[in-house]
1. Please report the orientation-averaged projected area of the stretch 31-189, defined via the convex hull of its C-alpha atoms, in nm².
2. For the stretch 110-172, divide the Cα radius of gyration by the Kirkwood radius and give the resulting Rg/Rh value with two decimals.
3. Past 23 Å, Cα to Cα, is the threshold; run Lys55/Lys180; Lys55/Lys154; Lys55/Lys115; Lys115/Lys180; Lys103/Lys155; Lys55/Lys103 against it and keep the listed order.
4. Label Phe129 and Ser109 with points 7 Å out from Cα along Cα→Cβ: what is the distance between them in nm?
5. Each residue of the stretch 173-180 in turn: what ³J(HN,Hα) in whole Hz from Karplus with 6.51, -1.76, 1.60 and θ = phi - 60°, glycine and Pro shown as x?
6. Can you tell me, using C-alpha contacts under 8 Å and at least 6 residues apart, the relative contact order of the stretch 31-189 as a whole percent?
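Computed from the coordinates by the stated procedures, all read-outs in this text should not be read as laboratory data. On a predicted model such as this, the values are computed, not experimentally measured, just so you know. All Cβ positions, glycine included, derive from the backbone under ideal geometry; neighbour counts span all protein chains shown.
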Amino acid sequence: MRKSYILLLLVLFSLPGLQCRKHKIIDALSQLPPETQTGTNTFGCLVNGQVFVPKGPSLSPILSSYYQHIYPVPDGFVFQVSADDNSHNANFFSVTILVDSMKLYQPQSIVLKTKGHGRGAGQYYSAIFNGTTGITSTSIYSTSDLVNGMLTIKKFDEINQIASGTFWFNAVNNLGDTVKITDGRFDMHFTR
């Protein structure tokens, strides 16, 4: 009887924490751009639960996408979408998705894992700066065969050069630290 009472108390005390966490997730998701498929040049995701959208000085390129036939084979296309956030003083953050040696179409799901021909990969980069001493830490987090994710192409229009989709991935750096990228979405005009 005593164990049941203690378990009931633990459940009751954890409910407010779960509600608060649920509201934080809903609030974060409401700050991301909506999922569109019209070439609005938007990008957003959650990085460890925190909102990531491209931001920075108006003259710096903070959002880019390309789809190019690079290799002399029928499937020799490379697709990349990348977003930067350099609005935090001198700190810099970037999320990149790369698809190598693959012709894109819609709908299409691509596993994000180790970089290479016929594969997709995800990457998160962070550089933290100190105003007096310079860079204090940099880290590149990448997907791998063991730590991976998924890219879903929802619209791919080669004529109007629009690529739209969703993504998520987990990535690891060389120290074994991980980052979780969730609820990703993009709607981009790509260059050739």
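1. 10.0 nm²
2. 1.16
3. Checking Cα-Cα distances, Lys55/Lys154; Lys55/Lys115; Lys55/Lys103 exceed 23 Å.
4. Result: 4.1 nm between the two label points.
5. Going residue by residue, I get 9, 6, 8, x, 6, 10, 10, 10 Hz, with x marking Gly and Pro.
6. It comes to 25 percent, rounded to a whole number.
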